[in-house]
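See structure below.
Values in this text are rule-based calculations from the coordinates and carry no lab data. Given the structure is predicted, the values throughout are model-derived calculations rather than measurements. Backbone-built Cβ (ideal geometry, glycine too); neighbour counts: all protein chains shown.
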Amino acid sequence: MMKIGIFGGTFNPPHKGHTRLAEKAAEILELDRMIIIPSCIPPHKIPGKLASGYDRMQMCRLAFEGDFYEISSMELDRGDKSYTVETLRELKTLYPDDEFYFIIGSDMLATFTRWYCWEEILTLAHICAASREKGFEPDLSVYTPEQRERIVILDIEPFEVSSTQLRRIVAGEGETDLLDEKVRQHIEENDLYDDGLSEYRKILYSKLDGFRINHSECVSECAATLAERYGADVEKARLAGLLHDVMKNASADEHLEVIEKTGETLSKLELVNPKVWHQITGAAFLKSEGITDDEEILGAVRWHTTGRADMTLLEKVVYIADFISADRSYPDVGVVRKLAQTSLEEAILYTARYTVKKLVSADLPVHPATVDCYNSMILHLKG
Ligand code: ATP
């Protein structure tokens with residue numbers, strides 16, 4: 001009987017977090033071999049920019065070297081969405097006498113009981129989970145004692161890297177040692193993750209800190225999804241989302257410089273509220289530096305914090321994307337995300353109301369554009 005590790009994933013691209021996990025799992029579990037299976041369309045996530053199955057197979061061959069690994073195209077060949085249970089059933093017919101160890105990261109274990117036929121999966125394989133971040137404490141109380149016995153928590157020091165993060169770095173032509181050099185070369189030679197925004201990223205990355213870059217990328221992704229859903233221009237949404245906070249990390253002097261240079265004026269209320277400066281100076285900066293003169297994009301940047309009455313579709317998309325992007329975790333984010341699935345306007349009404357309430361309860365002034373935004377949505381939806 002062989003102990004076979006099964007490691008499935010999008011591998012878009014495979015990175016050192018993956019190879020390290022595979023190596024450590026092999027060591028701890030004393031595996032005889034491991035099958036690496038790039039998935040077709042990942043059922044647990046919304047695909048971002050997905051490299052082709054062929055390229056992901058190639059990258060896996062480059063990343064996972066040696067006879068110990070077999071890179072399998074079984075999920076790609078099957079087409080359609082990849083469900084782990086189907087893969088394991090198929091493997092069981094090929095290896096009826098062997099024992100399977102299905103390797104996952106802690107993010108996957110957290111959603112495991114929502115996987116299709118998860119109970120059957122546990123009968124077909126041991127689930128072996130490694131922590132992706134510090135402080136990982138899996139809740140195993142939902143499992144029966146027999147099921148719990150099939151779950152192995154791998155004691156491996158977390159290695160915080162993700163494919164999403166690496167796609168961004170390579171798209172922005174940044175340096176990284178978290179990718180195997182041969183994988184990095186394959187990406188570069190085949191232009192796998194170039195979404196045409198690398199020139200903008202260079203400017204943005206020079207002006208923002210890591211936290212804000214991540215947020216901008218998340219808003220860009222979310223704005224593109226919303227634009228597709230509501231019929232706005234997806235490429236403009238992606239760019240407006242990416243650039244919306246371009247002046248967020250600027251000092252007061254830099255804001256004032258842009259204001260002086262572009263002839264913008266701040267109202268009395270804006271003068272005492274630095275939190276709204278960046279939407280004004282952001283749009284002004286993008287225009288004056290010749291980064292974009294697209295009025296729709298500039299409008300979306302100009303009003304993304306306060307909103308306003310009668311927003312354009314792109315302004316609505318970016319305003320909501322900024323509130324519900326994947327990195328956001330404020331208390332009501334789940335409600336707004338749900339509303340945004342069916343009605344952009346309902347989501348805006350909720351968000352404007354939430355913002356007004358929050359400011360009022362903290363004894364802070366409310367920008368009149370936010371009040372206008374709230375009023376226009378109330379009239380539109382309930383009037
Ligand atoms: P993305 O950022 O696109 O979601 P990813 O980095 O999570 O990608 P996947 O290909 O989706 O990569 O991951 C395949 C499997 O590897 C999953 O079970 C995932 O939890 C696990 N994994 C990925 N990165 C790490 C890591 N740094 N440490 C531990 N497990 C990881």
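Between residue 207 and residue 153, the FRET efficiency from the beta-carbon distance, with R0 = 25 Å, is close to 0.05.
Its residue count N fixes a reference of 2.2 N^0.38 Å for region 83-165, and the Cα radius of gyration divided by that reference is 1.14.
With the simple model of a label 7 Å out from the Cα in the direction of the Cβ, residue 360 to residue 23 spans 5.9 nm. A viscosity of 0.890 mPa s and a temperature of 25 °C, combined with the Kirkwood radius over Cα pairs in Stokes-Einstein, give a translational diffusion coefficient for region 124-255 of 137 µm²/s.
Residues 316, 81, ranked from the fewest to the most other C-beta atoms within 10 Å, line up as 81, 316.
With axes computed from alpha carbons, what is the tilt in degrees of helix 313-324 against the longest principal axis of the chain, rounded to the nearest 10 within 0 to 90? Rounded to the nearest ten degrees, it is 60. When the P(r) of region 254-383 is calculated, the portion above 18 Å amounts to 56% of the C-alpha pairs. If a spin label sat at a point 7 angstrom from the Cα of residue 1 along the line to its beta carbon, the backbone N atoms of region 61-94 nearer than 17 Å would be those of 92-94. With the convex hull of its Cα atoms as the shape, the chain has an orientation-averaged projected area of 21.6 nm². Roughly what angle does helix 368-382 make with the longest principal axis of the chain, taking Cα atoms, 0 to 90 degrees, to the nearest 10? The helix 368-382 is inclined about 70 degrees to the chain. Sorted on the mean count of surrounding Cβ atoms within 10 Å across their residues, most packed first, peptides 83-93, 280-290 read 280-290, 83-93. Summing +1 for each Lys or Arg and -1 for each Asp or Glu among the other residues whose beta-carbon sits under 13 angstrom from that of residue 289 gives 0. Among the GluC sites (Glu not before Pro) in region 169-215, those placed in a DSSP loop whose Cβ has at most 10 other Cβ atoms within 10 Å are 175.
Between the amide H of residue 180 and those of 16, distances stay under 5 Å, these residues lying 5 or more places away or on another chain, with hydrogens modeled in the peptide plane.
Neighbour counts of other Cβ atoms within 10 Å put 303, 118 in the fewest-to-most order 118, 303. Separation of region 244-301 and region 119-155, taken as the distance between their Cα centroids, equals 49 angstrom. Modelled label positions at residue 343 and residue 261, each set 7 Å beyond Cα in the direction of Cβ, lie 4.3 nm from each other.
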